[in-house]
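Notes follow once the structure below has been shown.
The values are calculated or read from the model by the stated rules, or taken from the named source; none is laboratory data. Everything quoted here is computed from the prediction, not taken from an experiment. Positions of Cβ are generated from backbone atoms using ideal geometry, with glycine treated the same way; all protein chains shown enter the neighbour counts.
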Amino acid sequence: MNLSERDKQVVWHPYTQIKGAVDTIPIVRGEAAYLIDEEGNRYLDAISSWWVNTHGHSHPHIAKKVSEQLSTLEHSIFAGFTHPKAVELAERILEKLPNQSRVFFSDNGSTAVEVALKMAFQYWDNKSEKKNKVIVLVGSYHGDTFGSMSVSARGGFNQPFEQFLFDVLPIPFPKKGEENKTISALKETLKADDISSIIVEPLIQGAAGMRMYSPEILEEIFKLCRERKVLIIADEVMTGFGRTGKLFATDYITTKPDMVCMSKGLTGGAMALGLTVATSEIYEAFISDDKLKTFFHGHSFTANAVACSAACASLDLFDEQQTWDNIARIEKRFAEFVAEMKGNSMFSDVRCQGVIVALELKTESESSYFNNKREEIYNHFLSKKIILRPLGNVIYFLPPYCINQDDVERVLLEIKEFCN
Ligand SMILES: Cc1ncc(COP(=O)(O)O)c(C=O)c1O
């Protein structure tokens, strides 16, 4: 039996309907922007493996640091103990987020969000204030655990669990030209006194189809919430680490969040790690003689030393000008491509922000993740050995920053040809 056949006997894959599932592709090696299968076929990873990879696969610097860490300290309990890489990572992240003061570790994007929500609820509880509502933007995606599902769009992904999800206060997505609807809904919502927090994907709603909105509107949302002392949670799980053209999407604005969630690109995509970063005001609300004001949350692999060393190594690469030159190169080309494609009648919208370009195909059915164009688009690009996994009828290109210009051009050309 080959690897795919063995896989079929024992593995349950994520986000995959079992009935009719095609054979999985057995990837045995990663090299820069490529994933390579058992037979030596090279697939261009044009979506950075679910948006995690930043510097390329099997990056030698990250590999070296991870390997050194593995043979020095692989893991240690993190309650009552610490280790050099966790402290170094926290110091370096806080240097980049000057209004923040503490770093809490978890394992992935959903847990980073879960931690932020729990911190927000308990912050008010510790202050004996009854605030238990969360404002969300319509169409959000924040993860697959119960808290993160609660603050995400209701529908296909979480319908069987709906009865278990807590109520939230949705406000309209700030669609271009309709931003005033978002702002007036927010102002109305903020009249209530029981709001704990707002959570947003800053500038780009990823899973909703790479829906983009401006820094100005993000700033206005944050300002209104700050005036009402509603805690602001920026979910930078997808947008963090260069995707928007800056290290964080919130670097585009001056009103800073109270908490930032990060994962995905944090380790360059090499290891599973999540961080929830909080201000001193939040942290201090948990300091008490009353033991029940403790934040009782932690995972077995909290601040895993190998994952922290991968994150530090990835930050080393973000300290290099070459990384930012690559980001600027791709960003510039994507902006040109959007200008080129704007008049194309195949699309209802073409947009880009930083190192993400998205094209929304006009279709007869509703524009959504479940749009039946998805299979056709995915299979077409896979036949060209390009991994472009569309969000329904939205084709997007989100490459590792090390992708060379020829490969950028190749993907853009293939997109153009597909659409002609
Ligand atoms: C904005 C955002 N938040 C949270 C998550 C959940 O992250 P994870 O898949 O690591 O749990 C995702 C995943 O796509 C995301 O895009």
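Looking at I330, I253, which is the one that is farther than 30 Å from A63 by Cβ and out of contact with any strand residue (DSSP E or B) (no Cβ under 8 Å at 6 or more places or on another chain)?
I253
Of the residues in the range 236-264, how many are outside any strand (DSSP E or B) and either within 11 Å of the ligand (Cβ to nearest atom) or touching a Cys at 6+ places or on another chain (Cβ under 7 Å) (or both)?
Of the residues in the range 236-264, 9 are outside any strand (DSSP E or B) and either within 11 Å of the ligand (Cβ to nearest atom) or touching a Cys at 6+ places or on another chain (Cβ under 7 Å) (or both).
Name the helices (runs of 4 or more DSSP H) wholly inside the range 37-96 in which the number of residues that are away from the ligand (no atom under 16 Å from the Cβ), modelled with pLDDT of 95 or more and within 30 Å of F381 (Cβ to Cβ) is 2 or more.
Counting at least 2 such residues, we get 60-70.
Here's the yes/no breakdown for (1) touching a helix residue (DSSP H, G or I) at 6+ places or on another chain (Cβ under 6 Å); (2) not charged (D, E, K, R):
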| site | (1), (2) |
| --- | --- |
| S300 | no, yes |
| A303 | yes, yes |
| D316 | no, no |
| D325 | no, no |
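Is it fair to say I233 is of a type outside the set (D, E, K, R), away from the ligand (no atom under 16 Å from the Cβ) and touching a Pro at 6+ places or on another chain (Cβ under 8 Å)?
Here the answer is no, as I233 does not meet what is asked.
Anything in the range 142-176 that is of a type in the set (D, E, K, R) and within 14 Å of the ligand (Cβ to nearest atom)? List them, or say none.
Passing the criteria: only D144.
Conditions: (1) surrounded by 19 or more Cβ atoms within 10 Å (Cβ to Cβ); (2) within 14 Å of the ligand (Cβ to nearest atom). H299 meets all but one. Number of the miss?
All conditions are met except number (1).
Restricting to the range 97-131, and then to whatever is in a helix (DSSP H, G or I) and of a type in the set (A, V, I, L, M), can you tell me which residue is surrounded by the fewest Cβ atoms within 10 Å (Cβ to Cβ)?
Restricting to residues being in a helix (DSSP H, G or I) and of a type in the set (A, V, I, L, M), the top hit is V115.
Which one is surrounded by the most Cβ atoms within 10 Å (Cβ to Cβ) among residues in the range 352-389 that are in a loop (DSSP other than H, G, I, E, B) and in contact with a strand residue (DSSP E or B) (Cβ under 7 Å, 6 or more places away or on another chain)?
The extreme case among them is L388.
With the structure loaded, tell me whether G147 is of a type outside the set (S, T, N, Q), in a loop (DSSP other than H, G, I, E, B) and in contact with an Asp or Glu (Cβ under 9 Å, 6 or more places away or on another chain) or whether it fails that test.
Spelling it out, it is not the case that G147 is of a type outside the set (S, T, N, Q), in a loop (DSSP other than H, G, I, E, B) and in contact with an Asp or Glu (Cβ under 9 Å, 6 or more places away or on another chain).
Is it true that some residue in the range 194-210 is within 24 Å of the chain's Cα centre (by Cα), hydrophobic (A, V, I, L, M, F, W, C), modelled with pLDDT of 95 or more and more than 16 Å from the ligand (Cβ to nearest atom)?
no
Mind listing just one residue for me: the one in the range 324-348 that is outside any helix (DSSP H, G or I) and touching a residue at least 40 places away in the same chain (Cβ under 8 Å) and, of those, farthest from N393 (Cα to Cα)?
If we take residues in the range 324-348 being outside any helix (DSSP H, G or I) and touching a residue at least 40 places away in the same chain (Cβ under 8 Å), then N344 is farthest from N393 (Cα to Cα).
Among the residues of the range 273-306, write down those that are over 20 Å from the mean Cα position of the chain (by Cα), under 15 Å from F104 (Cα atoms) and outside any loop (DSSP other than H, G, I, E, B).
Within the range 273-306, S280, E281, I282, Y283, E284, A305 meet the criteria.
Being more than 16 Å from the ligand (Cβ to nearest atom) and in a loop (DSSP other than H, G, I, E, B) is the filter here; which residues of the range 132-141 pass it?
N132
Residues checked against (1) without any contact (Cβ under 8 Å) to a residue 12 or more places away in the chain; (2) in contact with a helix residue (DSSP H, G or I) (Cβ under 8 Å, 6 or more places away or on another chain); (3) within 23 Å of A335 (Cβ to Cβ):
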{"site": "R211", "(1), (2), (3)": "no, no, yes"}
{"site": "E236", "(1), (2), (3)": "no, yes, yes"}
{"site": "T239", "(1), (2), (3)": "no, yes, yes"}
{"site": "G245", "(1), (2), (3)": "no, yes, yes"}
{"site": "I253", "(1), (2), (3)": "no, yes, yes"}
{"site": "P257", "(1), (2), (3)": "no, yes, no"}
{"site": "C261", "(1), (2), (3)": "no, yes, no"}
{"site": "S288", "(1), (2), (3)": "no, yes, no"}
